[in-house]
1. Quick check on my filter: what residues within the stretch 253-278 are in a loop (DSSP other than H, G, I, E, B) and in contact with an Asp or Glu (Cβ under 6 Å, 6 or more places away or on another chain)?
2. Does residue 383 qualify as being crowded, with 19+ Cβ neighbours inside 10 Å, modelled with pLDDT under 95 and not basic (Lys, Arg)?
3. Here are 47, 41, 76: which of them is at negative phi and out of contact with any helix residue (DSSP H, G or I) (no Cβ under 7 Å at 6 or more places or on another chain)?
4. Provide a single number: the residues in the stretch 289-307 that are free of Cβ contacts under 8 Å to residues at least 40 places away in the same chain and under 20 Å from residue 94 (Cα atoms).
5. Return only the number of the condition from (1) modelled with pLDDT under 95; (2) assigned to a strand (DSSP E or B) that residue 119 does not satisfy.
6. Could you tell me whether the stretch 86-107 includes any residue that is on the phi > 0 side of the Ramachandran plot, outside any helix (DSSP H, G or I), in the same structural domain as residue 323 (by TED's automatic domain parsing) and surrounded by fewer than 18 Cβ atoms within 10 Å (Cβ to Cβ)?
7. Restricting to the stretch 56-79, and then to whatever is in contact (Cβ under 8 Å) with a residue 60 or more places away in the chain and of a type in the set (D, E, K, R), can you tell me which residue is farthest from residue 267 (Cα to Cα)?
Amino acid sequence: MTGSGHRRLLILCFTAACVLAAPHVAAAKDRLLEEAVGFAGGIAFLGSGAPGLVIAAVRNDETAFAGFGEIRKGSGQVPDEHTLMRIASISKTFCGDLMGSMIVDGVIGATDPLAKHLGKDWTVPGLEGRTPRLIDLVTQASGLPREVPNQTGGTPDDPFAGNTFDLSRAELAKPEPYLFSPGTGAFYSNWGYDLLGLALANAGGKSYGDLLAERVLTPRQLTDTKLNLAEGDAARTMQGHFFDGTPLPLVPSPETIGCAGGLYTSAADMMKFMAWHLRKDAAGDAERTVDHAGWLWRDGLSPVIGIDDAGPMGMMTLGWVGVLADKDKPMMLNKTGGLQGQFSYVVLAPTRGVGVFASINQFSVGGFKAMVAATNDLVAQLAPR
């Protein structure tokens with residue numbers, strides 16, 4: 001680490017009256033970006049109370065990374081850019097990218113009814129003359145509850161075992177599965193994304209994992225992004241911790257939750273992911289246009305629940321929450337995620353070429369807020385209006 005990095009760390013530790021392990025900082029050509037990321041990460045880490053934190057940023061094709069603390073309590077292993085972690089609902093932005101590529105290629109239509117891609121053995125009822133469309137699912141306007149109702153059979157080592165497509169089929173066929181008429185409000189629904197993943201897989205003729213790899217992961221060289229850990233991956237994976245600090249196990253991701261929240265990834269892959277979204281050249285431009293478009297605007301929606309955890313939603317894109325420009329902050333697209341003791345956050349300012357990703361490995365309401373605030377402030381500082 002540079003001398004300035006040590007001085008910065010000492011100042012932060014003195015201010016908080018604590019001692020931190022020296023962070024891992026990846027070299028960047030943009031020294032200002034490196035310093036800004038290290039400073040923001042230090043502030044977020046001190047405010048999080050988590051054993052470890054990673055933060056990564058992209059600006060004008062330059063990248064910077066910093067890791068703080070340890071990947072699991074007592075390990076002494078500082079996270080680096082290749083440390084794996086669960087990103088939970090940030091997986092929805094990857095699913096949105098998959099959907100966007102299929103729209104651009106004409107495989108699906110954004111307004112296709114969900115029923116078109118589920119199969120003949122599924123029943124999709126309506127409410128007030130409306131049935132959910134693919135665009136309703138991806139913009140959180142499906143009207144469905146947050147989770148598949150009546151899940152049973154999960155265990156601490158396999159908590160998602162009860163989330164099956166057979167259960168989804170049975171629950172969706174009930175007379176009144178909706179909380180409101182599809183397309184008229186916004187309510188955060190993982191169940192809606194479970195169904196979206198199945199619909200995309202059926203339309204593409206492959207499993208969700210294979211389709212995501214073919215259309216999103218492989219073309220962008222996202223070699224660390226996966227639904228389940230490979231042999232030997234556990235040693236470099238952040239272990240999440242519950243609110244009280246209890247370590248939580250690394251658990252499998254069934255195909256059912258792949259679209260909604262099943263992915264593991266690394267900061268290195270997230271920098272590639274953000275960089276793709278921030279590109280201005282012709283390659284992938286059609287997909288980015290579709291991905292970032294405001295498909296559902298807040299004005300007139302009722303209700304709007306569970307969408308504003310990182311800023312007031314102005315519109316929904318394909319998997320991203322759009323927060324409109326305000327004071328010194330540019331328009332941002334964000335997505336949060338939390339699962340198995342890991343909180344993560346990614347935010348883009350696509351008109352300014354800036355993106356930041358951060359993650360902590362312990363559940364904490366205050367820690368989550370500190371991470372989001374530091375990340376949003378960093379974007380505003382790197383891309384002021």
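The values are calculated or read from the model by the stated rules, or taken from the named source; none is laboratory data. Note that the structure is a prediction, hence the values are computed from the model and not measured. Because the Cβ atoms are built from the backbone with ideal geometry, glycine has one as well, and the counts that use them run over all protein chains shown.
1. none
2. So residue 383 fits the description; yes.
3. The unique qualifying residue is 41.
4. Summing the residues that are free of Cβ contacts under 8 Å to residues at least 40 places away in the same chain and under 20 Å from residue 94 (Cα atoms) in the stretch 289-307 gives 3.
5. Result: residue 119 fails condition (2) only.
6. Yes, because at least one residue in the stretch 86-107 is on the phi > 0 side of the Ramachandran plot, outside any helix (DSSP H, G or I), in the same structural domain as residue 323 (by TED's automatic domain parsing) and surrounded by fewer than 18 Cβ atoms within 10 Å (Cβ to Cβ).
7. The residue in question is 73.
The rows are residues; the columns are (1) of a type in the set (A, V, I, L, M, F, W, C); (2) in contact (Cβ under 8 Å) with a residue 40 or more places away in the chain; (3) in the same structural domain as residue 342 (by TED's automatic domain parsing); (4) touching a Cys at 6+ places or on another chain (Cβ under 7 Å).
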position	(1), (2), (3), (4)
214	no, no, yes, no
224	no, yes, yes, no
227	yes, no, yes, no
242	yes, yes, yes, no
